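Notes follow once the structure below has been shown.
Quick note: the coordinates plus some simple rules give every number you see, no bench work behind them. Predicted model only: the values in this text are computed from it and were never measured. Cβ sites come from the backbone with ideal geometry, for glycine too, and all protein chains shown count toward neighbours.
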Amino acid sequence: MIPTIFSQSKPKTMVIEGTIFDHNPLYNDNFQTPPGSDVRSVGMVKTNLNETYRIPNLSSLDKTTTPNRLGSISSPSTFPNFFLSGRDLPLTKNSGANIPININITLTLNEKTNSYVYDNQEHFPIDFIGYDVDPKLRIYKKGNTYHNFHFCLKINNKFTFSGNEVFNFIGDDDVWVFIDNKLVVDLGGIHPPQTQNISLSELGLTPSKVYNFDFFYCERHTDGSSIRIETTIEAYCPWYDYCGVCTGDGSVCCSLKNTKEGQVSCDDNDPCTDDSCPDPNSGINFDQIKKNCKNTPKDCSPLDKCSTRSCSREKNGECVSTPLQPKDRSNECLDYVGCDPINGFIYKSRCQGKCDTGKCNNGVCQPKTNSTCSSELGGDLCRNYYCDSTAGCTSKPKCETSPDVCKETKCSAGVCSYPQIPPEQCNCDCKLNKCQKNNCVPKGDGTSVCSPLDIDELDDGNPCTIDECDPNTGKVTHTQTDKCGGCMKCDPKSTEGDCVLNDDSCEDGNICTDNKCTIDSKNKNLGICVNSSVECGINDSNKCLLWSCDLEKGCVSEKLVCPNNGNCQVGVCNEKTGCYLEQKNCTSPAFCIVSECDESVGCIQYDRRCASDDNRCKAGVCVNGTETTEGECRSVNYDPLPFICKTAAVVSTAVIAGVTVAGAVALGIFLYGGKKGYDYWKHSQSIKFTNSSSNPLYVQSSNAGTNPLYSEEGANAVL
C-alpha cells in the first residue's frame, strides 16, 4: 500500500498495490472444488511466512489433514502457485499455470474513525481479462451474469508502526495476513464472508519501527465475492520491479514464452542458453528489459576427466559428450594406454627395459652405462661392468684367467697379477671342461688331488641373475631371476637377491596420481601397483584455499568461494575455521533512505516513512542529517488541522476565568465543542429549539478532519 503523496493534510485515499493471479480450474485443482465446509479453515498455512518468496506455506502437504480437507485443498503441490507466477507453466491439467496481473485498489479515508476503508460486495476485479479474454472460458456466472471467480491477490508492503493501528476484515474466500512475518489473520478455505479484527498494539511491536505487511486473498469458487478492509495501517510499497509492480517478480511484463502485447520475451530461441528475466529489483525500466535478459550458456561441464561435453543445438540443447584426445607424449618416452575417469589419461613409459635407466631425453630412453651398472652392483674395481639386454647389469672379472695352470690369477684394486704356483699345487692332472678351471688340493703326503672350480667368468657378481655355462663351448650366460613379480624387483646389492618394492615401475605418466608398489597379501615376492589420486594441499592449514590437481601443472590452489545462503546471508571464509555466513550489508546514503536486505530479492532501498506521535493530527516527516546534526523523524501538524485535533481551543464547560457560564460560554461551546458539547449545554440550560437539525454541528466537518462530537445517532449521542 502507499498513501497519497503527503501534502499538508491527511491523504483522503490510500492505494493498495499488488499482484493478482488469474487462475483457471483447468490448471489448478484447488479452484471450483466442492467446499469442504462453510466456515473458515484455521491452520491451513504455517504461522511463519516463507521469507524467500514472501508467500504462505501449507502446514501439511497431506490433503487428508483436517485443515486441508475443510479448506478444499485437493492438490497441495499446486498451492504455492496461488501467489507465484505460473505464466510460463504448461497449459495442462493441474499444472499450476496462472497469469499475473498488476492491480491497484483504492481505500478511502473515513474521517470519523481516521481509518481507510475498501468495501466491495461484488469484488470481481479481473472480469474479461487474464484467461477470460477468451470468450470460451467465460463459463462461470452469478445468476445470469458472468464473472471471473478464480483469482488470488498478493500484497507485500511495509509500514512504520505508530502504536495504535488496527486491521479489520470481512470477506471470502481465503484471507491470510502476516505482520512482521507472523500470521495474524487466518481465514482459510472456501466459505461465506468471515470476519477477523486485530489490534496491532497487542502484537508486541515497537513504535517507529518498520515492519512487513503481507496480505493474501483468494476467490476460489462461485458465486459470490466480497471484501471489506478497514485499517489505520499506513502501508506503502518499498520498491517496484521494471513492470511497475509493487515488489513484483517481473512476470507481469517479462516472460520466456506465451508473451502477449505489452510483454517482453527473454527467450533468445537458442536451445543452448538458459534464459531468464532480469532481477526484479535491478533498477531498470521496461524499455531496458530486452538488453538485460539473462541468456546464460547451458552448463555442460565434463562429467569425468576422459571427455568433454558441449551443447548440441541439433539435439535441442542436449549436452553431448566427446572423448578427449590424449596428448602425444612420445618425446617423454610415454605411450598412451587408456583413461581413468577420475584421474585422466594413463601412460606407460617405454623406458622399462633391463638396460634402461628410466629416464628419457627427447624421446630416447637413456641406457644404463658401464658406470651405472658399476654403481648398481657394488663397484668392484676388479670387475668390468656392463649391461646385458637379458640379464640387466652384470659383470665379469677384469683379469682374464691365465692359460698356465701353474699361474694364479689375482686382482688387487684393479691391478692384475699372475704369481707362480708351486708345481705340487698345480700339477694334479685335472681333466677340465670349458666351464672349469684347474684347482689342486694338497694331500698330506706332498701330492695334490684335482678339485675343479668354476671359471671366474661364470659369476657376474649379481645375485639377481642365474649364471650358467655350456661345458662344451664354455659360453657363459646370465639370466634375470624371475622370483620377483609384478612391480617388485630384485635388489642386486642384497646378498640373496631379495625382492624389493619398485615404485618407478608403477609410473603412469599422470602427474595427478600417486603411484605406489605394494606387497601382495598372499605372495611376499609379488608387487601390486596402486595408482591413487594425489592429495593436494594435505599439509596446508589454510581453509580458504581450494586445492585440485591439474593434468598439466599438478597441484594448484584457488581461493575458496563460500556459498551464500539465500539473498541476505553472504558466505565468508576464515583461514582457520573455513566458511561461515554473515548478514549482507546494505548501505544507505542518507538517514531518510532505508537500505535493508529482503530475503526475496536482496538489498532494497526505500524512503523512510516516519511515524508521528499522533497520526490523527500530525504527519511524520523525515529530516536528513547534516555535517553537524544527525537525521531525525519529526511530527508536524496537518494544515489545515483536522477538526478532531482542535481540542486545545475548546472552552471548558465548567469554568472560564472570571466569566459566568452564560451566553458567551455557550457560544464558546457552540463554536469549539462540537455537537455533543452543544447538546450537553442545551440540555443543562433547558433551552428549547423547535428543530434540533438546525444545529450546524449535526453535519460532518467539511475540512480534512473529523468533528469528534459528530455522530450519526444524532440526538442519542451523549458527551
Quick check: the distance between the Cα centres of the range 37-92 and the range 436-469, to the nearest angstrom?
102
Per the Cα gyration tensor, the range 13-236 corresponds to an equivalent ellipsoid with semi-axes, largest first in Å, of 28, 20, 16
Treat each spin label as a single point 7 Å out from the Cα along the C-beta direction, and report the residue 37 to residue 307 distance in nm.
5.7
Taking only Cα atoms of the range 117-167, radius of gyration then Dmax in Å
16.4, 51
Any idea what the relative contact order of the chain is, in percent, if you count C-alpha pairs under 8 Å spaced at least 6 apart?
8
How about residue 260: which aspartates and glutamates have a C-alpha closer than 19 Å to its C-alpha, ignoring those fewer than 8 places off in the same chain?
22, 88, 127, 132, 134, 241, 249, 268, 275, 287
What is the order of 387, 586, fewest Cβ neighbours within 10 Å to most?
586, 387
Which GluC sites (Glu not before Pro) does the range 232-332 hold that lie in a coil by DSSP with at most 13 other beta carbons within 10 Å?
261, 314
Starting with the fewest neighbours, write out 561, 623, 210 ranked by other beta-carbon atoms found within 10 Å of each beta-carbon.
561, 623, 210
Mark the label point 7 Å from the Cα of residue 404 along Cα→Cβ and return the residues of the range 440-463 whose backbone N is within less than 14 Å of it.
none
Note the full-extension length gain between residue 503 and residue 585 as 0.36 nm times their separation in residues minus their Cα-Cα distance, in nm to one decimal.
24.1 nm
Order of 150, 123 from fewest to most other C-beta atoms within 10 Å?
123, 150
Acute angle (nearest 10 degrees) that the helix 674-685 long axis makes with the longest principal axis of the chain, alpha-carbon atoms
40
If you average the C-alpha positions of the range 590-631 and of the range 112-132 separately, how far apart do those two centres end up, in angstrom?
30
In percent, what relative contact order does the range 13-236 have, based on Cα pairs under 8 Å that are 6 or more apart in sequence?
28
Rg/Rg_globular for the chain, with Rg_globular taken as 2.2 N^0.38 Å and Rg from C-alpha atoms:
1.83
